[in-house]
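S.K.: Below you will find the structure I want to go over with you.
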Amino acid sequence: MSTGNHKKNTINQTEQLINTNRRIPQWALPAVLVFTLIIYSHALQNGLISCDDNDYIINNLFIRDFSWAGVKAIFSSFYDCNYHPLTMLTFLIEYKMAGLNPLPYHAFSILVHVLNTWLVFKLVQRLSGKEVTALVVAILFAVHPMHVESVVWASETKDMLFGLFYLSSLLVYTRYISSGFKTGFYYFSALLFLLALLSKSAAVTLPVILIAVDLYKNRKVSLKLILEKIPFFLLSLLFGILNLIAQQGAMGDMSSIYNAGNRLFLFTGSLAFYLVKLVAPFQLSLYHFFPGTEHGWLPWPFYASVPFLLLILWLITRKNAYRREITFGVSFFLITISIMLQLIPVGSAFVSERYTYIPYIGLFYIPGQWIADSGIIKYRNIVTGVFAFILVIFTIQTWQRIGIWKDDNTLFGDIIKKDTPHANSMSLALFEEGKKKKEKGDMQGALQDFSGSILFCPKYENAWFNRALIYYSLGDFRPAIADYTKVAALDPNMAMIYNYRGWAYFQAGINDSAIADYSKAIQLDSMNAEAYNNRGWAAYVKGNKQSAMNDYNKALLINPKFSGAFNNRGWAYYESGDTQSAIRDYDKAISFDRQNSLAYSNLAAIKVNAGDLAGATADYDSLIKLNPNDNSLYNTLGYVRLKQKDTSGACAEWKKAAELGNATAARMVNQFCH
């Protein structure tokens, strides 16, 4: 064979290898989509979690009103300091179909993620002209562990929808360029951009990405190129302002905690974090808390982030065959993640894994292009093997990470394991928020915060105790008993807890356990007058009247001004037939506590039965002053006045009771008051 023919054959063989590298089997993309579906099907077993799912789904009143008025309210209102009505509309439909069953919420997100993977393939194929590049980027997008948070967190449906319309808008825009600038594609791209903005405010970066695509596709900078971006920028500006208004006061400003220098290192540290996790997605967590400072210094990795980023910058800018691809990929990443970086430190987390859902596409593009061109025989097998190994690691990580999101216990347990000191701080912060909500009467909100505090720090007994108090106030006695039991396990020598749990047992109708707990409280604190009084009442209800009387006497011996004990002993005297002793005890109960409504009520009832109607009237008057809106008191006082032959006085009381909604009093007015 001649030398010329040999060279020609070699060139042909190389071209054939490169062309083969750029084509993929028809089954490759469907296989990736099915594989993605299989991996994320693991999330179908997951539930809803307390973080955000409580606000966006479980307690979201906006998604309860499936009507035209409800839809209008969604589009005309901010919710949870955000404006993303399309996401809210999705929740509205899902709630209408499935209520609080978590399966449809997860299934929808998984299906959208699969669709987004397909869109990534099509977009990259259009940008690069290479199927292998598109396949590599789509696979990485589909299984990268950093994307788990976006897909399996029900509240992050906004990421899925924003990604769907953002990618679709980009894809249609590339079609607009390749079609010779047909206006139909332009308008359709703008419409999809609007839908992305209605899903999540992060879509505001798209106009800048469109310019990056123009430059990458070698469009000349012209007046037309600039003018066609104006509507996109105007939409970005409008939704940017809307979300700035919505988010006013939403996040705690942490900039005062860090000096100007450390703020810079927080910024570089967050950028370095995303770059490192691209290739080493380990130690992932729902919360990556802001770092503490020691003598004004941040942990060393934040300072190391500067030389690390300078090294990355040098690698990007040095001359090489993939400079254009690197520039585009890095630009795509920086533009899309720019609004997520902590230029001003706010919130409790300095980075979040879900923020990489779209930005990582740009970084995936770089190795995708390199792999697509590694068609020479001596490199192809090595590259394929290394890439396959990375995919296996990523897939295992993703599968395990999906399982972490199963429920609150596994998710918060993972946070504690990854960062116990900050988890404890988060527990304290939630506890303080719970106390504020409790003081304002927001019991459900307080319950959620105390539950979150417990999840972050399971040994925080104050959170268990306060949650028990909330459960008790809501009439949920058995959960209250369970929480008191947890506190008792954490501190078995705390007499107060047995007293509280005993009262919860009593309210739940479990008297024997109540008496046992009161006895335990007394054993730990022999001067616990309240425990004696409570045990006496539980014994009295059981029929052990003498035992009850002994406990009341003991309580009053310890605390001679114990109004509650006088009240209970007074009732015991009355039922035993000793009316005078009963009246004497009720008088003492009232003298020590002028707000003791129960003592006034019992004393008035005894006086009515004893024929002391004037005395009963005076007690009811005092009771009404304490409870001016209790219509039953006016109604009862009306009967007392009628017994005194005071018909006009009785009518006045009944009319007041009727005005407050007492139906019986209204009938008495019709019968006696004409």
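Throughout, read-outs are computed from the coordinates displayed, never taken from laboratory work. Everything quoted here is computed from the prediction, not taken from an experiment. Cβ atoms come from the backbone with ideal geometry, glycine included; neighbour counts cover every protein chain shown.
S.K.: Which listed residue (Leu171, Asn550, Tyr540) has the Cα farthest towards the positive end of the charge dipole for the chain, taking +1 on Lys and Arg C-beta and -1 on Asp and Glu C-beta about the Cα centre?
M.R.: Leu171
S.K.: Volume per residue, Å³, of the convex hull around the alpha-carbon atoms of the chain?
M.R.: Normalising the Cα hull of the chain by residue number yields 225 Å³.
S.K.: Report, in cubic angstrom per residue, the convex hull volume of the C-alpha atoms of the stretch 411-534. If you can, show how the numbers build up before the last one.
M.R.: On the way: hull volume 13.1 nm³, N = 124.
Spelled out: Cα convex hull of the stretch 411-534, divided by residues, is 105 Å³.
S.K.: If you don't mind, another one. Which distance in Å, rounded to a whole number, links the C-alpha centroids of the stretch 548-596 and the stretch 97-129?
M.R.: Each part reduced to its Cα centre gives a spacing of 69 Å.
S.K.: A further question follows. Dipole magnitude of the chain about its Cα centre, charges +1 at Lys/Arg Cβ and -1 at Asp/Glu Cβ only, in debye to the nearest 20?
M.R.: Dipole magnitude for the chain comes out near 2580 debye.
S.K.: Which of the aspartates and glutamates could a cross-linker span from Lys406 if the Cα-Cα distance has to be under 17 Å and same-chain partners fewer than 8 positions apart are dropped?
M.R.: Asp52, Asp53, Glu149, Glu156, Asp414
S.K.: Which distance in Å, rounded to a whole number, links the C-alpha centroids of the stretch 179-203 and the stretch 489-523?
M.R.: Cα centroid of the stretch 179-203 versus Cα centroid of the stretch 489-523: 64 Å apart.
S.K.: Something else about it: Go through 479-491, 571-583 and give me the packing order, highest mean Cβ count within 10 Å leading.
M.R.: On the way: 479-491: 19.3, 571-583: 16.2.
Most protected by this proxy first, the peptides run 479-491, 571-583.
S.K.: Could you please rank Ser285, Ser425, placing first whichever residue has the fewest other Cβ atoms within 10 Å of its Cβ?
M.R.: Ser425, Ser285
S.K.: Which residue, chosen from Ala482, Trp464, Asn409, occupies the Cα position most advanced towards the positive end of the dipole of the stretch 380-498, where the dipole is computed from +1 (Lys, Arg) and -1 (Asp, Glu) charges on Cβ about the Cα centre?
M.R.: Farthest towards the positive pole: Asn409.
S.K.: If a cysteine in the chain has no other Cys Cβ under 4.7 Å from its own Cβ, put it on the list, ordered by number.
M.R.: Taking the Cβ cut-off of 4.7 Å, the unpaired cysteines of the chain are Cys51, Cys81, Cys457.
S.K.: Can you give me the convex hull volume of the Cα atoms of the stretch 493-577, divided per residue and expressed in Å³?
M.R.: With only Cα atoms used, the stretch 493-577 gives 79 Å³ per residue.
S.K.: If you don't mind, another one. If you look at just the Cα atoms of the stretch 528-585, how large are its Rg and its Dmax in Å?
M.R.: Over the stretch 528-585's Cα set, Rg and Dmax evaluate to 10.1, 29 Å.
S.K.: Would you mind counting up the charge near Phe282? Only other residues with Cβ under 11 Å from its Cβ, with Lys and Arg at +1 and Asp and Glu at -1.
M.R.: Working: positive: Lys277, Arg401, Lys418; negative: none.
It works out to a net charge of +3.
S.K.: Just order 68-76, 447-455, 596-604 by mean Cβ neighbour count inside 10 Å, highest at the front, would you?
M.R.: Put in order of decreasing packing, that is 447-455, 596-604, 68-76.
S.K.: Which lysines, on any chain, are close to Lys645 with Cα under 23 Å apart, when same-chain ones fewer than 8 places away are left out?
M.R.: Lys607, Lys655, Lys656
S.K.: Rounded to the nearest 500 deg cm²/dmol, what is the calculated helix-only ellipticity per residue at 222 nm for the chain, with -39500 (n - 2.57) per DSSP H run of length n ≥ 4?
M.R.: -23500 deg cm²/dmol
S.K.: Which of the peptides 611-623, 45-57 is most tightly packed, and how do the rest follow, judged by the mean count of other Cβ atoms within 10 Å per residue?
M.R.: Working: 611-623: 17.7, 45-57: 19.2.
Ranked by mean Cβ neighbours within 10 Å, highest first: 45-57, 611-623.
S.K.: Give me the compactness ratio for the stretch 83-175, meaning the Cα radius of gyration over 2.2 N^0.38 Å.
M.R.: Scaled against compact globular proteins, the figure is 1.17.
S.K.: Scan around Val351 for amide H atoms under 5 Å from its own, H built in the peptide plane at 1.01 Å from N, and keep only partners 5 or more places away or cross-chain.
M.R.: His288
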